[in-house]
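Worksheet for the structure shown next.
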Amino acid sequence: MNVDSRNFQEILMQVINTPGVVEAHKVLGNYDIIAEIEGEDIRTIIEVIMNDLRKIPGVKKSVTSLCVQW
(Lines give C-alpha, C1' and ligand atoms only; values in the text may rest on other atoms or scores of the structure.)
Protein backbone atom coordinates (compact mmCIF):
# COMPACT_ATOMS: atom_id res chain seq x y z
CA MET A 1 0.00 0.00 0.00
CA ASN A 2 0.98 3.59 -0.53
CA VAL A 3 -0.24 5.81 2.26
CA ASP A 4 -0.20 9.44 3.38
CA SER A 5 3.07 9.79 5.30
CA ARG A 6 1.61 12.41 7.66
CA ASN A 7 -0.66 9.77 9.25
CA PHE A 8 1.54 6.75 8.68
CA GLN A 9 1.47 5.25 12.18
CA GLU A 10 -2.29 5.72 12.54
CA ILE A 11 -2.93 4.09 9.16
CA LEU A 12 -0.63 1.18 10.02
CA MET A 13 -2.52 0.59 13.28
CA GLN A 14 -5.85 0.60 11.43
CA VAL A 15 -4.49 -1.94 8.94
CA ILE A 16 -3.17 -4.15 11.76
CA ASN A 17 -6.54 -4.01 13.54
CA THR A 18 -8.58 -4.89 10.45
CA PRO A 19 -10.26 -8.30 10.78
CA GLY A 20 -8.60 -10.74 8.39
CA VAL A 21 -5.20 -9.03 8.52
CA VAL A 22 -2.74 -11.42 10.16
CA GLU A 23 0.38 -9.28 9.67
CA ALA A 24 1.24 -5.77 8.52
CA HIS A 25 4.68 -4.18 8.27
CA LYS A 26 6.37 -0.93 7.28
CA VAL A 27 8.51 -1.45 4.20
CA LEU A 28 10.99 0.58 2.19
CA GLY A 29 10.83 0.90 -1.57
CA ASN A 30 7.83 1.29 -3.85
CA TYR A 31 5.30 0.71 -1.07
CA ASP A 32 4.85 1.90 2.51
CA ILE A 33 2.95 -1.00 4.09
CA ILE A 34 2.67 -4.67 3.23
CA ALA A 35 -0.14 -6.69 4.79
CA GLU A 36 -0.95 -10.39 4.87
CA ILE A 37 -4.64 -11.23 4.79
CA GLU A 38 -6.19 -14.64 5.41
CA GLY A 39 -9.73 -15.63 4.62
CA GLU A 40 -11.93 -18.65 4.20
CA ASP A 41 -12.00 -18.07 0.44
CA ILE A 42 -10.96 -15.53 -2.19
CA ARG A 43 -14.26 -13.68 -1.89
CA THR A 44 -13.63 -13.03 1.81
CA ILE A 45 -10.13 -11.72 1.08
CA ILE A 46 -11.41 -9.42 -1.68
CA GLU A 47 -14.09 -8.06 0.66
CA VAL A 48 -11.44 -7.17 3.27
CA ILE A 49 -9.39 -5.38 0.62
CA MET A 50 -12.25 -3.54 -1.07
CA ASN A 51 -14.53 -2.83 1.90
CA ASP A 52 -12.00 -2.26 4.68
CA LEU A 53 -8.40 -1.60 3.70
CA ARG A 54 -8.97 0.62 0.66
CA LYS A 55 -11.44 2.72 2.64
CA ILE A 56 -8.99 3.61 5.42
CA PRO A 57 -8.43 7.38 5.19
CA GLY A 58 -4.91 8.04 3.93
CA VAL A 59 -4.56 4.86 1.86
CA LYS A 60 -3.66 6.19 -1.58
CA LYS A 61 -3.11 2.99 -3.54
CA SER A 62 -2.98 -0.75 -3.02
CA VAL A 63 -1.64 -3.62 -5.08
CA THR A 64 -2.83 -7.17 -4.47
CA SER A 65 -0.76 -10.31 -4.95
CA LEU A 66 -1.99 -13.78 -4.09
CA CYS A 67 0.16 -16.46 -2.50
CA VAL A 68 -0.88 -19.97 -3.44
CA GLN A 69 0.15 -23.43 -2.36
CA TRP A 70 -0.32 -26.57 -4.38
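Between I42, I11, I34, the Gaussian network model of the chain with springs among Cα atoms under 10 angstrom shows the greatest mean-square fluctuation at I42.
Shown for the chain: the carbon plus sulfur share of the solvent-accessible area, taken with all protein chains present and a 1.4 angstrom probe, equals 52%.
A 1.4 Å probe over all protein chains sorts K61, K26 by accessible area into K26, K61, starting with the largest. Overall shape of the chain was characterised from the C-alpha gyration tensor. The equivalent ellipsoid obtained from it has semi-axes of 20, 13, 10 Å, in decreasing order. Among the GluC sites (Glu not before Pro) in segment 7-70, those located in a DSSP loop and surrounded by at most 15 other Cβ atoms within 10 Å of their own Cβ are E38, E40. Note on the chain: dipole from Cβ charges, positive end direction compared against N2, L53, I34; the farthest Cα belongs to N2. For the chain, a crude dipole built from +1 on the beta carbon of Lys and Arg and -1 on the beta carbon of Asp and Glu, taken about the Cα centre, is about 360 debye to the nearest 20. If the segment from N30 to E47 were pulled out straight at 0.36 nm per residue, it would be longer than the present Cα-Cα gap by 3.7 nm.
The values are calculated or read from the model by the stated rules, or taken from the named source; none is laboratory data. No experiment lies behind these values; they were computed from the predicted model shown. Positions of Cβ are backbone-derived with ideal geometry, glycine not excepted, and every protein chain shown enters the neighbour counts. Keep in mind that these areas ignore ligands, DNA and RNA; they rest on the heavy atoms of the full protein, side chains included. Shrake-Rupley method; radii C 1.70, N 1.55, O 1.52, S 1.80 Å.
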